[in-house]
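The values are calculated or read from the model by the stated rules, or taken from the named source; none is laboratory data. Keep in mind that this is a model prediction, so the values were computed, not measured. Backbone-built Cβ (ideal geometry, glycine too); neighbour counts: all protein chains shown.
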């Protein structure tokens, strides 16, 4: 598996993580809206109930109403704090993912630049090797032609040597015959 494929898998995994975070954010918002609706319904129900009881026993219920309001205020404050904390956590996670994506993108760019440099160097070397090959083939062709010429010259010299050797033998025979 090549580096590019590994990097693509990492980018795909990061993209999937970002999508998952977005889905979880959406679900959290929906849950918060549901919780808010439920709390609103509960508060409204308590208010109606208290209003009915107040008409009968005002003094006694004023203390209870104040306590309930304090309690509900504390719950609303807790929910707000939880929402705030959740937003901060999700913001931090998104920032982290962005930083990872930026680092990954920078790493990929660096790797691509290095690969491009290597590829250019390879192209240059292939070009030089091709030129060298052409030169070598041309010189081999010249050597072949020179060898053919030398073989032809050696063949001619061989014939001349044989002819001279033959003439020398005949001359020696003639000299032997005359002297003898």
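If the requirement is being in a helix (DSSP H, G or I), at pLDDT below 85 and more than 30 Å from residue 20 (Cα to Cα), which of these qualifies: 156, 145, 141? Of 156, 145, 141, the one residue that is in a helix (DSSP H, G or I), at pLDDT below 85 and more than 30 Å from residue 20 (Cα to Cα) is 156. Of everything in the range 80-95 that is surrounded by 12 or more Cβ atoms within 10 Å (Cβ to Cβ) and under 31 Å from the mean Cα position of the chain (by Cα), the residue that is modelled with the highest pLDDT is 93.
Taking the stated definitions as given, is residue 125 under 30 Å from residue 3 (Cα atoms) and at pLDDT 90 or above? No; evaluated as a whole, the condition is false for this residue.
Hey, can you tell me all the residues within the range 1-46 that are surrounded by 14 or more Cβ atoms within 10 Å (Cβ to Cβ) and over 30 Å from residue 100 (Cβ atoms)? Hits for the range 1-46 are 39, 43, 46.
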